[in-house]
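No value in this document is a laboratory result; all are computed from the given coordinates. If you're wondering where the values come from, they're calculated on a predicted model, not measured in any experiment. Here the Cβ positions follow ideal geometry from the backbone for every residue, glycine too, while neighbour counts run over all protein chains shown.
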Amino acid sequence: MIRQIDARGLAADGQRVDYGALVPRADFDVAAATERVRPICEAVRLYGHDELVRQAAVFDGVDIDRVRVPAASLREALDVVDPALRTSLEESTARLRITCRAELPSDVVTEVSAGGFVTQRNVPVGRVGLYVPAQTAPLVSSVLMNVVPAQVAGVTSLALASPAQKEHGGLPHPTILAACALLGVDEVYAAGGAAAIAMFAYGYRHDDDVCAPVDLVTGPANVYGVAAKRLLRGVVGIDSEAGPTEIAILADAAADPAYLAADLISQAEHDVLAAAVLVTDSPELIQAVLDELDRQVAATKHVERIRASLAGRQSALVLVDDLDQGEELANAYAAEHLEVHTVDAPERAARVRNAGAVFVGPYAPVALGDYCAGSNHVLPTAGCACHSSGLSVRAFLKTVQVVNYSQSALDDVARDVVTLAEAEDLPAHGDAIRVRLDPR
């Protein structure tokens, strides 16, 4: 079901080991997909609404006559949503708002000299397009994870897109619509994949229906949506190029194999390309996890999808010499989600440098973070956690530097500015200083 890798002794001769390549990722060729989505995005740019309608028929198999979801459909979705689901959505939202408000940065004013001030002012992005996929499952939690930090950041114009669903009359999935209504997002579009990203980048006008271009697009997508993000970056800002989801677990002999197997399965459930990796120094734990996987996978709903994910090149049970080697491997792999199941889990988790999110101990599974931990589940994948962060309030803010100098403060530093301008052979820069200081 899942391959095993024996990494013991790899560093015995003192040579550097490329642990990041030990467990390869699934094939996710964004470059190839970019050429496939180029004509799709160009058609949306040229023909707008009509092209979005055409693509809904081609890619989603449903005929629609308008892309924007009527306000009445949003209200109806919330009215009929299961009360237990609404309560859970409200709880998840409340927890996420707490952490988002806590991370909201304050402006920083620095007096760099007498009368010379520089202010780092945090300004929300003006308009944001949020994408919520629904090809494999209606990811209603992604509505919360995108909308809440944007709202806390102060974004005043939010639009959300999710694919048209044939079984729901050409509208996005009703749970997604209910979440939008619950959060007060009233601009929602039935558009999927690359077409939705292009719609956000270029906007459209159709009779009295207008989708204005956005400044930033966020949210996970399949390879074609990611390719559209890459293609249109520069036309519009993007959050990241997130690939298939992944979980890595660092565990010792004391870990509960039933917990570990359940957590590996939970991420494999997302996608046949999802990665599930266990790193341990215990051969006995590996065998116990294999036994649990055999038992638990057979009892799950999405057996074929999970088996394909676990059997893929991106998933493995890795045996290491000791947990220090395991830490090195985990940091090199830079997983989207990293669980630490060791007797000293807090201490080892504190040493993790590269992970989208770290889950400490037996009672903090990734599934908690997917929904109700208060953390955000839109995280860097494919090793990008070594340089990138997950979605947060900061993703929806930009810093504006405000420079305020008095005449005397400019006098104090004028000579240095002129000197540096002359060193770069930009004399007009120096003249812009001199004209303010020389009597006229």
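Give me the aspartates and glutamates in straight-line cross-link reach of K398: C-alpha distance below 16 Å, same-chain residues under 8 apart excluded.
Once the sequence-local aspartates and glutamates are set aside, what remains near K398 is E103, D107, D215, D239.
Considering only DSSP beta bridges with both partners in the stretch 30-240, what is the antiparallel share in %, to the nearest 5?
Working: 9 of 23 bridges.
Expressed as a percentage, antiparallel bridges in the stretch 30-240 total about 40.
Test of the criteria: in the stretch 116-212, which trypsin sites (Lys or Arg not before Pro) are in a DSSP loop and have at most 15 other Cβ atoms within 10 angstrom of their Cβ? Numbers along the way, then the final one.
Working: sites: R121, R127, K166, R205; in loops: none.
Within the stretch 116-212, no trypsin sites (Lys or Arg not before Pro) qualify (loop, at most 15 other Cβ atoms within 10 Å).
Suppose every Lys and Arg Cβ carries +1 and every Asp and Glu Cβ carries -1, with no other charges. What dipole size does the stretch 288-414 come out with about its Cα centre, to the nearest 20 debye? Kindly include the intermediate steps, with their values, before the conclusion.
On the way: 10 positive and 16 negative charges, 130 e Å.
For this selection, approximately 620 debye.
Can you bin every Cα-Cα distance in the chain into 20 Å intervals starting at zero and give me the percent of pairs per bin, rounded to whole numbers?
Once binned at 20 Å, the Cα pair distances of the chain give 23, 47, 25, 5, 0.
What are the lysines whose alpha-carbon lies under 26 Å from the alpha-carbon of K166, with same-chain residues fewer than 8 places away excluded?
Here the lysines satisfying the reach criterion relative to K166 are K229, K301.
With unit charges on the beta carbon (Lys/Arg positive, Asp/Glu negative), name the residue among A255, G374, P149 whose Cα is farthest towards the positive pole of the charge dipole of the chain.
So the residue we want is P149.
Tell me, in nm to one decimal, what length is gained between S406 and D291 on full extension, where the rule is 0.36 nm per residue of separation less the Cα-Cα distance?
On the way: separation 115, 0.36 × 115 = 41.40 nm, distance 7.29 nm.
Residue separation times 0.36 nm, minus the Cα-Cα distance, leaves 34.1 nm.
In whole Hz and in residue order, list the ³J(HN,Hα) couplings for the stretch 23-40 that follow from phi through the Karplus curve 6.51 cos²θ - 1.76 cosθ + 1.60, θ = phi - 60°; x for Gly and Pro.
So the J values, rounded to whole Hz, are 10, x, 7, 5, 5, 8, 8, 5, 4, 5, 5, 4, 5, 6, 8, 4, x, 5.
Report the full-extension gain for the segment I98 to R8: residue separation times 0.36 nm, less the Cα-Cα distance, to one decimal in nm. Present the calculation step by step, with values, prior to reporting the outcome.
Numbers: separation 90, 0.36 × 90 = 32.40 nm, distance 4.33 nm.
Answer, rounded to one decimal: 28.1 nm.
So what is the calculated 222 nm ellipticity per residue for the chain, using -39500 (n - 2.57) for each DSSP H run with n of 4 or more, over all residues, to the nearest 500 deg cm²/dmol?
Details: 15 runs with 192 residues, N = 440.
Value at 222 nm, helices only: -14000 deg cm²/dmol.
Which far-off residues, 5 or more places away or on another chain, put their amide H under 5 Å from the one on V62, with H placed in the peptide plane?
Distant-sequence amide H within range of V62: A57.
Using the number of other C-beta atoms within 10 angstrom as an exposure proxy, rank E424, E328 with the fewest first. Write out the running numbers ahead of the final one.
Details: E424 9, E328 16.
Placing the least packed residue first, the sequence is E424, E328.
Antiparallel as a % of all DSSP beta bridges within the chain, to the nearest 5? Walk me through the numbers before you get to the answer.
Working: 18 of 55 bridges.
Roughly 35 percent of the DSSP beta bridges within the chain come out antiparallel.
Ranked by Cβ crowding within 10 angstrom, fewest neighbours first, how are V109, V236 ordered? Don't skip to the end; give the middle numbers.
Values: V109 12, V236 21.
Listed from fewest to most nearby Cβ atoms, that is V109, V236.
Would you mind checking which residues have amide H under 5 Å from A276's amide H? H placed 1.01 Å from N; only 5 or more apart, or other chain.
I247, S315, A316
Hey, what do the phi angles of the stretch 316-326 turn into as Karplus ³J(HN,Hα) couplings, whole Hz, using 6.51/-1.76/1.60 and θ = phi - 60°, x for Gly and Pro?
6, 9, 10, 9, 10, 4, 7, 6, 5, 5, x
Hey, got the dipole for the stretch 290-350? About the Cα centre, +1 on K and R Cβ, -1 on D and E Cβ, debye to the nearest 20? Walk me through the numbers before you get to the answer.
On the way: 6 positive and 13 negative charges, 125 e Å.
Here the size comes out at about 600 debye.
Tell me which trypsin sites (Lys or Arg not before Pro) from the stretch 1-66 have a DSSP coil assignment and no more than 11 other beta carbons within 10 Å of their own.
Details: sites: R3, R8, R16, R25, R36, R45, R54, R66; in loops: R8, R16, R25, R66.
Those that pass, being in a loop and sparsely packed, are R16.
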